[in-house]
Each structure stands twice: as structure tokens, then as C-alpha cells.
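The values are calculated or read from the model by the stated rules, or taken from the named source; none is laboratory data. A quick note: this is a predicted structure, and the numbers were derived from the prediction, not measured. With ideal geometry, Cβ positions are generated from the backbone for all residues, glycine too; neighbour counts draw on all protein chains shown. Surface areas here come from the heavy atoms of the whole protein model, side chains and all, with no ligands, DNA or RNA. Shrake-Rupley method; radii C 1.70, N 1.55, O 1.52, S 1.80 Å.
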Amino acid sequence: MGASMRAAVVGAGSIGARLDDPETAEPLTHAGGYKAAGFDLVAFADCNEQARAQAARWGCAFYRDLDEMMRVRRPDVLSFAVPTSERPALLQQVLEYRPRVVVAEKPLAPSSAEGAQIVAAYRNAGVPLIVNYTRRFTPLWQRMRGADAMCGMIRYAKGVRHNGTHAIDLCRMLFGECLESRPLGKKYDYWPDDPTVTAFLKFERCPDVYLQALDERCFTLFEVDIITVSSRIVVDSDGGRLRRFELREGVGIPPGKRLVEIDPQETGAASAMINLMRHVRDVLEGAEPLCTGEDAVAAQRIAERLVA
């Protein structure tokens, strides 16, 4: 597929455009991902007039009106990087124009019920919907899909519906469906309506997973620790470093079976956004999305149960 595929971004804020330089090779934003993956970035749509400067910086058109942008620029694909409260109406609005693929930040809507309505509308319209749970597009986690584990621990902060659903979605991708969820405690460390919850979760291929609530007011951290019958992996450094432990015999005092750390590696997290946009090309050619609207709604439902 050539580089003539037209892309547009709805919402030119931090994750939409502002965090990147247009020439970056490891993009963090939707605009940067489209550029790096060879799309023709044709426009931004944003109700904030300040976004006009972002459009100029990225060398594309600026529209305050989404309908006008869709009629004039007719993008093949577009991303929604707007606040959660604005996503449902905009995602529904754009269906009139039948884009070939839509990418949305998570969650799709303030509630899973609203999210399910969006998913149904896209399914009925035949428009593929990809949700940007970034770990789905990180090489390490893709290699581990379908894993079995003895137990896991994920430390996070900044709300179970926001950052916590990253952990939940990762576990669903790795270990299958969630069979049990039980909150153990909570704190309000960032969002007034979204507590960070300590919780126990049981999945099809991992019977013991704990979400450990940290405090965003102190520092930012998202760390994963998974133990299998013969290995352990710890992912730290903002998801960028993999520490691997492998089973060895005759180690330690007294000699026995021990998990021994081997050379740390990179996870490939820095490539997640460009991998997402390369995946958009795959979906344009008929591949199934790696993270569907159904996946996003499933993670949100689990989070909602934890705060009910």
C-alpha cells in the first residue's frame, strides 16, 4: 500500500500532536505516528483555536469543524485524541463519512455502556475501530500473547479507569478473560471521580494477579512483574526495560533451583506508536485489529466493577 493514504487527527493536544517533533523517528503522538509510518497527514480538527499553530508546525490544514474537515479532506483514516467526554459524540458523528479505519484513545466513552453503543455502531457500519492501549503494540507483550503464569503484580497510579485499564487490558491479552475481580482498597490520587484501586484479579491462564495502587501525587510509575513456573519478567523504566530471570539448578546456599537474572533488554515500548500506525495499514488490507472496541469495553467493565 503506497504512501498516499490520507490521515487526520481529531484533537491536537499532547497525545494528538504536541509531544512530538514532526521529524521524530520514535513518535509518541498520533500525528508523529502517521508521519513516521508514511501516511499523508492532511489535517487536524480541534475546537481550540490554539491548535492552528500545531497544524502549521506539522504542515497540514486546520479545521474547527469536523464535518468540514471530512467533506474537504476526506481522510482514509483518522485518530481521536480528544477528552473522554467528547469522544462518544465525535466517534458517532464521523461514521456518516465511512472512514476506512478509525483509531481512538481509551476509554471510548465515560462509561462502558456508552462505549458498547459506539462499538455496535461501528460494527454495523463495517468500519474497523482500533483502540490505543499501547502495550498491545509493544513487541515484548505481543511475543507473550497467550502466556500462562503463576502470578503477577502490576503497580500503577492515576485512576483505575485511566491507567488501571492499561493493566487490565494487558492481562486480558496475555492471560485470557477475567474470571474474578475483587477490590481491596482505593485512593483518590489524581482524578476526583476515578480512584486508584488495589485489587485481586483471576484470569483464565493466571490465577493470581494483583493491581497495587500507588500515588500519582508522589511519582509516576507503571511496573509489571510476572512469574511463571520457570521464569520471571519485570518490566520497569516506564515500560522500556525488561529484566528476565530464568530457572537454574544448583544455585545459591543451599544449592537448589533459583530464578537467576540474565542480561536486561529493551521491550520495544518506544516503537509502540509507529507500530500502531503500521498496524493501521495492516487493517486497511484486511487484518483484524490487535485492540478492538470490544477489548476496550471489556477492560472498562472490569474497572467499573472494582469501583462499584
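Using the heavy atoms of the protein chains alone and a 1.4 angstrom probe, what is the accessible area of the chain per residue in square angstrom?
Working: 13750 Å² over 308 residues.
Ligands and nucleic acids excluded, the result is 45 Å² per residue.
When a/c reaches 1.5 or more, the comparison of a/b and b/c decides; with that in mind, is segment 164-308 rounded, prolate or oblate per its Cα gyration tensor?
Details: a/c = 1.68, a/b = 1.22, b/c = 1.38.
Because a/c hits 1.5 or more and a/b fails to exceed b/c, segment 164-308 counts as oblate.
Treat each spin label as a single point 7 Å out from the Cα along the C-beta direction, and report the Arg248 to Asp208 distance in nm.
The two pseudo-label positions are separated by 2.5 nm.
Net charge around Cys47, counting only other residues with Cβ within less than 14 Å of its Cβ (Lys, Arg = +1; Asp, Glu = -1)?
Its environment carries a net charge of -3.
Quick one: Cα centre-to-centre distance for segment 288-308 and segment 120-175, in angstrom?
Taking the Cα centre of segment 120-175 as reference, the centre of segment 288-308 is 8 Å away.
Nearest 10 degrees, 0 to 90: what angle lies between the long axis of helix 293-307 and the longest principal axis of the chain (Cα atoms)?
The two axes meet at around 60 degrees.
Using +1 on the beta carbon of Lys and Arg, -1 on that of Asp and Glu, and nothing else charged, what's the dipole of the chain about the Cα centre, debye to 20?
260
Can you return the aspartates and glutamates within cross-link range of Lys186? Criterion is Cα-Cα under 17 Å, with same-chain partners fewer than 8 residues away left out.
Asp194, Asp215, Glu216, Glu304
Could you order Glu223, Glu23 by accessible surface area, starting with the largest, using a probe radius of 1.4 Å? If you can, show how the numbers build up before the last one.
Numbers: Glu223 40, Glu23 155 Å².
Final ranking, largest accessible area leading: Glu23, Glu223.
Consider the candidate values [x] 1.00; [y] 1.02; [z] 1.09; state which one is Rg/Rh (Cα atoms, Kirkwood Rh) computed from the structure displayed.
[x]
Amide H to amide H, which residues 5 or more places from Ala157 or on other chains are under 5 Å from it, using H placed in the peptide plane?
Leu214, Leu221
Relative to the longest principal axis of the C-alpha atoms of the chain, give the angle of the C-alpha long axis of helix 112-125, reported between 0 and 90° and rounded to the nearest 10°.
That works out to roughly 60 degrees.
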